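Here is the structure we will look at, set down as structure tokens.
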Amino acid sequence: MTSLADLSPTRAVGTTDLTVSPLCLGGNVFGWTCDAPTSADVLDAYAAAGGNFVDTADSYSYWVPGHVGGESESIIGDWMAARGNRDEMVIATKVGKHPEAGGTSAANVAASVDGSLRRLRTDRIDLYYAHLDDDSVALEETLGALDAAVRAGKVRYVAASNFSAARLQEALGISGRDGLARFEAIQNQYHLMHRTDYEGEVAEVVAAHGLASFPFYALARGFLTGKYRAGGTIDSPRAVAVEQYAGERGDRVLDALEALAQAHHCTMAEVALAWLLHQPTVTAPIASARSVEQWDGIAGCASVSLGTEDLAVLDEASA
């Protein structure tokens, strides 16, 4: 295992004045597979390692029976209030996927911002994402609503999640033309088992406009940790979702990760996250942990230095 995790904020977010840690802590499990006390423990461990960047959404975790969405935001808000550390943290949340407050219309953005602020127990959101590309609403309306939240001081900067290269480029053009707050970051799925949707056109837009990139599902829903290897039985709600990665390609990737983890004296998960950190357009991958033990298995990723040959091995295995 990596002996020391150093997640001190060193990475700029687009053209903003935000500086974030090289690993973003995902809040999707808070209130779902990770109860409030355990979530606080994970957040404490992350902060103790120097981490300052937490990602959530207004829709987390509406899919749990009895939940209404916003549980993750509430847990994070309660934690910051208890620790008195709001000014030390960079908080990202999202609008658009809540089943009862979906989409990115002006009315929904305005109402959802206020709901997130209330649950997070804060007066501003550092990075506010359109959680999806809502093609039922004109981009001008969505961008105008996000800009209004920035002008009102409720949001510092805005970003996009699950946008194609073409729509991201179109949004940036509209913002420039109309003098609106522009997307400063992109959050799309990108990891060793899912490369083609990001590499190429999306990465080119990110590079051309100086955007930050925060890949989600950075560990392929846990597959890249190695715990779902054939023959094993795992008690996890994500077990079914990772079946798509099983097979010859998945085995090649896991074998490569295992060999490199042994060579670098770290975990397979840390190697997978380090691979993302070595990609030229990636600012910080997003990874979650439902226990402090799981956190310990990813905490040292920024300290793993992969050489040219290491990266080539992973590139070839995941091709």
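Quick note: the coordinates plus some simple rules give every number you see, no bench work behind them. The structure displayed is predicted, hence computed values, not measured ones. Positions of Cβ are generated from backbone atoms using ideal geometry, with glycine treated the same way; all protein chains shown enter the neighbour counts.
Here are a few things to note about the model shown:
- Rg and Dmax of the chain, based on Cα coordinates, read 18.8, 56 Å.
- About the Cα centre, charge dipole magnitude for the chain (Lys/Arg +1, Asp/Glu -1 at Cβ), debye: 500
- Taking other Cβ atoms within 10 Å as a rough exposure proxy, Trp275, Trp63 sort from fewest to most as Trp63, Trp275.
- Per principal axis, descending, Cα span of the stretch 85-178 in whole Å: 38, 29, 21
- Global form of the stretch 122-168, assessed from the alpha-carbon gyration tensor, a/c cut-off 1.5: prolate
- Distance between the stretch 167-222 and the stretch 104-148 - C-alpha centres, whole angstrom: 18
- Neighbour-limited loop hits for GluC sites (Glu not before Pro), the stretch 175-212 (at most 16 other Cβ within 10 Å; DSSP other than H, G, I, E, B): Glu199
- For the stretch 1-42, the percent of C-alpha pairs falling in each 10 Å distance bin, counted from 0 to the bin holding the largest distance, reads 24, 33, 36, 7.
- Working note: Cα atoms of the stretch 199-319, range along each principal axis, descending, whole Å: 44, 29, 29.
- Built amide H within the under 5 Å cut-off of Ile125, gap 5+: Val155, Arg156
- Proxy reagent accessibility, fewest Cβ within 10 Å first, across Asp134, Asp114, Asp78: Asp114, Asp78, Asp134
- Low-density loop positions, trypsin sites (Lys or Arg not before Pro), the stretch 62-130 - DSSP coil, at most 12 other Cβ in 10 Å: none
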